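Reviewing the structure listed below.
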Amino acid sequence: MAARNKKNGKAPSAGITSRTVGIFLVLLFIFIFEFFLRTWCGVQCIRVGYEITEATERQEDLLDRRKNLEIELARLRSPNTLNRIAEPRFGLVTPKPDQIVVLP
Amino acid sequence: MNWTETGKTRIKRRNRRILFLGCVFTILYIIIGVKAFYIQIIQDVNLSKRASSEYKKAVKCKGRRGTIYDVNMKELVISTRVTSIGAHPRRISHPDRIAGELLEHLDISRRTLRHQLARDAAFVWMERDVSPMQAEMLKKLDIQGLAYIPGYCRVYPNQTLAGQVLGFSGVDGNGLEGLEYYYDDYLRGSQKQWTIAKDALGRIFHREAESPFDDEGSNLILTIDSTIQFIAERALEDTVRQYQAKSGMAVAMVPQTGAIRAIAYYPRFDPNSFGDYSKYTWRNRAITDPFEPGSVMKVFTAAAALESGVYSPQSLIDCEDGSYRTGGHVIHDTHPHGLITFKEVVQFSSNIGAAKIAERVGPKRLDHTLREFGFGEKTGIDCPGETAGRLRPFQQWRTIDHANIAFGQGISVSAIQLINAVSAIANQGVMMKPRIVKAITDKNGRIIDTNEPEVRRRAVSTRTVDIMKDIMFSVTSKKGTGSRAVPSGYKVCGKTGTAQKINSRGTYENCEYNAVFVGFSPKESPKLAVIVVIDEPQKAHYGGVVAAPAFRKIVKESFNYLDIPPYQGRRHYNVAIKSRKKGA
């Protein structure tokens, strides 16, 4: 284009200048948009990171709580605990052989 | 003209200035470019590291230790998350004030707290394994210089149940005793490294594991049944207390598979607080400690005689009216006997009869049969510290040794060896390898290894087994020494034993005994073989008096739990179904 202008011996026209400026502005907009987009992505990434950390900690807490409940259940189901309740409170005893009836 | 020259000069000057500025900016841009190249390309790795070290941190944590279940998948050992509290004393400015604040949250005296916080050390432990609630309370105090280190703690929800079998692990999560020690490689969780990124406020916004592998340890499924274990422990405790004994142990085993259902020991210990108990109570003595079995060995002497074909159950043996000299020593019977049958030698537990049988069988044959029953060698049970007992080669036996071994002196065995040998008789002469772990699973419950029943060898022929069962059944008859071992409604085959204990000088103590009963039931299809050993009972010392009732209690309650009905002979029940016809 510059060569053609030189050939014509005319100064660069205002239309070409505004087109160049337009392209420049579009590029500038794209760069700025990309900049904001990247920043937004970074912020989102960190926000999701916090959420993941929080969810992981919550999951670990719940798993721990489940483990503790399992321990509690195992303690309550232990033969010693059951025996302590069965014998003195309900008077349960091992049946004598003549108390057992085997159905044919 | 002047104006034109002046204008040209001005334009030239301006152009020069522009050129100068252009050069300056070019140089500046080049400098910036070079610096950017240096930072971004050459120093890239170093600077990235420096930056990440500011907000990224590598955290190592040990994986959760595996769970131990009983045969019915009831938890016997579980790991739970805890926090250990540490402190950096150099960062603590007022130890006295901080000690006062910590006092109500930690189980430590004010003096110890002050001493720990005032120490000239980079780091000190304050209290290990505090509950998550305690740790939260401490964090709320916001004390600078305290450190909260996460970890895991082993919990034994059944407390003392099977303590000696399970063992325990230390504060660093390594198994130190029992199955915790033996299966440490499986149970131990691997160390996992995390990289965490923190913001300026110390909040974690990114967490990444260095390796994708599981950090949790494998789980163990035992052959132990917690209910039978409890029954055995309770029976043992009652017996030890009743006869004011020093200690006692009992083992219950399934003869057909070698699965151990219970290994009980009294006095017990609680692995949750193992430090509070004497080291003497930690050991699984049914596996680790040998003892002289006494008259129980007559079963195996009789089996050797039957295998040799020298004797039949009706063969007559002269028991010399209670006194017999052999190898320069005199052997006595508790109750004198004259001419009795081979079967009655075992039934009445005659030492002289057993010695005479052994003499005729010969040392080589006796030694061979005893070794076939596994005496003098380890059973291979998956527990630490197993003893092989002591059975000297028959070439070293003197005449008196030969006679003594026939009735259980001069030989030492472990409880597991003895129950395994008797189980071989219950299992038609086939000896199984005893096992305590049934399977190993990963954290999701998928089986990664199984411990199947394993035949060791045939100890004796089925013919010998049939005769031995009859003989052992006669021991528990009303005339026999083990009549107190029989729960009503069940047939029991067994043998009593009363062995004098050897003191540190190598001689027998006159008033220190081991009372033993070993047997299996029901006679026709044995479901459980049980041994009870009571150490130094005071009120009585005969196996048939002290150990046999404990055996009866264990078998009776276990069979009730296992739904093995008692023998009731023929009973007839008339059952009528009422008609529901209209108008009926």
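The values are calculated or read from the model by the stated rules, or taken from the named source; none is laboratory data. Remember, it's a predicted structure, so these values are computed and weren't measured experimentally. For neighbour counting, all protein chains shown are included, and Cβ atoms are generated from backbone atoms with ideal geometry for every residue, glycine included.
Inside segment B:419-441, residues that are part of a loop (DSSP other than H, G, I, E, B) and surrounded by fewer than 20 Cβ atoms within 10 Å (Cβ to Cβ) make up a count of 2. Going residue by residue through segment A:54-62, is there one that turns out to be of a type in the set (Gly, Ala, Ser), modelled with pLDDT of 85 or more, loosely packed, with under 12 Cβ neighbours inside 10 Å and not in a helix (DSSP H, G or I)? Taking every residue of segment A:54-62 in turn, none turns out to be of a type in the set (Gly, Ala, Ser), modelled with pLDDT of 85 or more, loosely packed, with under 12 Cβ neighbours inside 10 Å and not in a helix (DSSP H, G or I).
When you check B:Ile416 against the structure, is it without any contact (Cβ under 8 Å) to a residue 40 or more places away in the chain and surrounded by 24 or more Cβ atoms within 10 Å (Cβ to Cβ), yes or no?
no
For B:Asn510, state whether it is over 16 Å from B:Phe300 (Cβ atoms), in the same structural domain as B:Ala305 (by TED's automatic domain parsing), loosely packed, with under 14 Cβ neighbours inside 10 Å and in contact with a strand residue (DSSP E or B) (Cβ under 9 Å, 6 or more places away or on another chain). Against the criterion (over 16 Å from B:Phe300 (Cβ atoms), in the same structural domain as B:Ala305 (by TED's automatic domain parsing), loosely packed, with under 14 Cβ neighbours inside 10 Å and in contact with a strand residue (DSSP E or B) (Cβ under 9 Å, 6 or more places away or on another chain)), B:Asn510 qualifies. Of all residues in segment B:457-485, those satisfying the criterion of being under 17 Å from B:Val422 (Cα atoms) and part of a loop (DSSP other than H, G, I, E, B) are B:Ala459, B:Val460, B:Ser461, B:Thr476, B:Gly482. Exactly one condition in (1) loosely packed, with under 10 Cβ neighbours inside 10 Å; (2) modelled with pLDDT of 55 or more is false for B:Tyr573; which is it? Unmet for B:Tyr573, out of (1) loosely packed, with under 10 Cβ neighbours inside 10 Å; (2) modelled with pLDDT of 55 or more: (2).
Considering the conditions (1) modelled with pLDDT of 90 or more; (2) closer than 23 Å to B:Ile554 by Cα, A:Glu87 is excluded by exactly one of them, (1). B:Ala406 meets the stated requirement of being among the aliphatic types (A, V, I, L, M) and in contact with a Lys or Arg (Cβ under 8 Å, 6 or more places away or on another chain).
Among the residues making up segment B:284-311, those that are over 19 Å from B:Thr481 (Cβ atoms) and either among the charged types (D, E, K, R) or without any contact (Cβ under 8 Å) to a residue 40 or more places away in the chain (or both) are B:Arg285, B:Asp289, B:Glu307, B:Gly309.
Across segment B:408-425, what is the number of residues that are more than 14 Å from B:Asn514 (Cβ to Cβ) and either more than 27 Å from the chain's Cα centre (by Cα) or among the acidic types (Asp, Glu) (or both)? Number satisfying all stated conditions: 1.
Within segment B:105-128, is there a residue that is hydrophobic (A, V, I, L, M, F, W, C) and closer than 23 Å to A:Arg75 by Cα? Show your work before the answer.
So in segment B:105-128, the residues hydrophobic (A, V, I, L, M, F, W, C) come out as B:106, B:108, B:113, B:117-118, B:121-126.
Pick out the ones that are also closer than 23 Å to A:Arg75 by Cα and you get none.
No, every residue in segment B:105-128 fails to be hydrophobic (A, V, I, L, M, F, W, C) and closer than 23 Å to A:Arg75 by Cα.
For segment A:45-53, does any single residue satisfy the condition of being among the hydrophobic types (A, V, I, L, M, F, W, C) and within 8 Å of chain B (Cβ to nearest Cβ)? Within segment A:45-53 (the criterion being among the hydrophobic types (A, V, I, L, M, F, W, C) and within 8 Å of chain B (Cβ to nearest Cβ)), the answer is yes, since at least one residue qualifies. Among the residues of segment B:520-547, just one is surrounded by fewer than 24 Cβ atoms within 10 Å (Cβ to Cβ) and either of a type in the set (Val, Ile, Thr) or not assigned by TED's automatic domain parsing to the domain that holds B:Ile564 (or both), namely B:Val545. Just checking, does segment B:145-153 include any residue being in contact (Cβ under 8 Å) with a residue 12 or more places away in the chain, touching a Lys or Arg at 6+ places or on another chain (Cβ under 8 Å), surrounded by 15 or more Cβ atoms within 10 Å (Cβ to Cβ) and assigned to a loop (DSSP other than H, G, I, E, B)? Within segment B:145-153, one or more residues are in contact (Cβ under 8 Å) with a residue 12 or more places away in the chain, touching a Lys or Arg at 6+ places or on another chain (Cβ under 8 Å), surrounded by 15 or more Cβ atoms within 10 Å (Cβ to Cβ) and assigned to a loop (DSSP other than H, G, I, E, B). Scan segment B:195-212 and give yes if some residue there is within 14 Å of chain A (Cβ to nearest Cβ) and either of a type in the set (Ser, Thr, Tyr) or under 30 Å from B:Val475 (Cα atoms) (or both), otherwise no. Yes: one or more hits. Going through segment B:436-489 one residue at a time, which ones are within 14 Å of chain A (Cβ to nearest Cβ) and among the aliphatic types (A, V, I, L, M)? Of everything in segment B:436-489, just one residue is within 14 Å of chain A (Cβ to nearest Cβ) and among the aliphatic types (A, V, I, L, M), namely B:Val486.
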